[in-house]
Amino acid sequence: MRHIAHGTRISRFAGIATLVVAAAFTGTGTALAHSTGASAVDQKVDGVMVVAGNSCSWTNASTSAVPPNALTVDRSTINTPGGNLACGGGIAATLNNNPAFTFDDAAGTARTDLIDITGRQSFISCRYKATGIVWDRDATSRKYVNRAFTAAKTSGSFLCPGSVTTPAGDASMLFH
C-alpha cells in the first residue's frame, strides 16, 4: 500500500471533485446548430477531467435538449448506478445537481449555472460548488473546454481545502 501525505491526498481529492463537477455540466454557451428533430439518443454528453495526474470521466449522460438550445444534464445518468462516472486515484465523486447550460454560438462559448459535487477519498468527504463556469468551444465541434474557475467548499471535513481552483483546459465536455 502506497503512503500519501494527508494534505496531498485531500488536495487531489478536492481538485478531482471540482473537475468532475465542471466536466459534468457545461453551462451557458453556444454550440453548433443541431437539427431540432434530434432524438433522445442524440441528447448526450461525455465528460473528462484531469487533476494531479488522475482523471474522472463519464459517457452518454442524458441532456434535456441539444445545443445550441438551453439544456440541463441529468445527474442520475452520470452518477452510478445509472451512469458510469469513474475516477482514478481512489477518489469517488457524486454530482449533487442537474446543471443548466446555455450556449452562445457567435462567441463560441457555453456557460454552466452551478455545479455542486461531493468527493470522497477513504473516510474524508468534501462538497464544493462553482457558479458561472465558462467553457470555450473547440473549433467547430460541440466539444467545450473549461476556463479556469474556483469552487468553494460548502461542507465536509476540516481537512478539505476551503476552495479549489481548476486550471483552464483541465476539463472538457462533448455534446453528441
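What are the residues whose amide H is under 5 Å from the amide H of Thr154, where those residues sit 5 or more places off or on another chain and H is modelled from the backbone?
Those qualifying (amide H under 5 Å, at least 5 residues apart or on another chain) are Arg127, Tyr128, Lys129.
Using the basic label-point model (7 angstrom from Cα toward the beta carbon), what is the Phe158 to Asn96 distance in nanometres?
Taking the two extended label points, one gets 2.1 nm.
Work out Dmax and Rg for the stretch 111-176 from the C-alpha atoms and quote the Rg first, both in angstrom.
When restricted to the Cα atoms of the stretch 111-176, Rg and Dmax are 13.6, 44 Å.
May I ask for the net charge around Asn60, where only other residues with Cβ less than 12 Å from the Cβ of Asn60 are counted and Lys, Arg are +1 while Asp, Glu are -1? Can you show the working numbers first?
Values: positive: Lys44; negative: Asp42, Asp46, Asp74.
It works out to a net charge of -2.
Assuming a ≥ b ≥ c are the square roots of the Cα gyration tensor eigenvalues, decide whether the stretch 61-176 counts as rounded (a/c under 1.5), prolate (otherwise, with a/b larger than b/c) or oblate. The partial results should precede the final answer.
On the way: a/c = 2.07, a/b = 1.56, b/c = 1.32.
Prolate, since a/c reaches 1.5 and a/b exceeds b/c.
None of the figures in this text is laboratory data; all of them are computed from the coordinates on show. Being a predicted model, the structure only gives us computed values, none of them experimental. Glycine also receives a Cβ, built like all others from the backbone with ideal geometry; neighbour counts cover every protein chain displayed.
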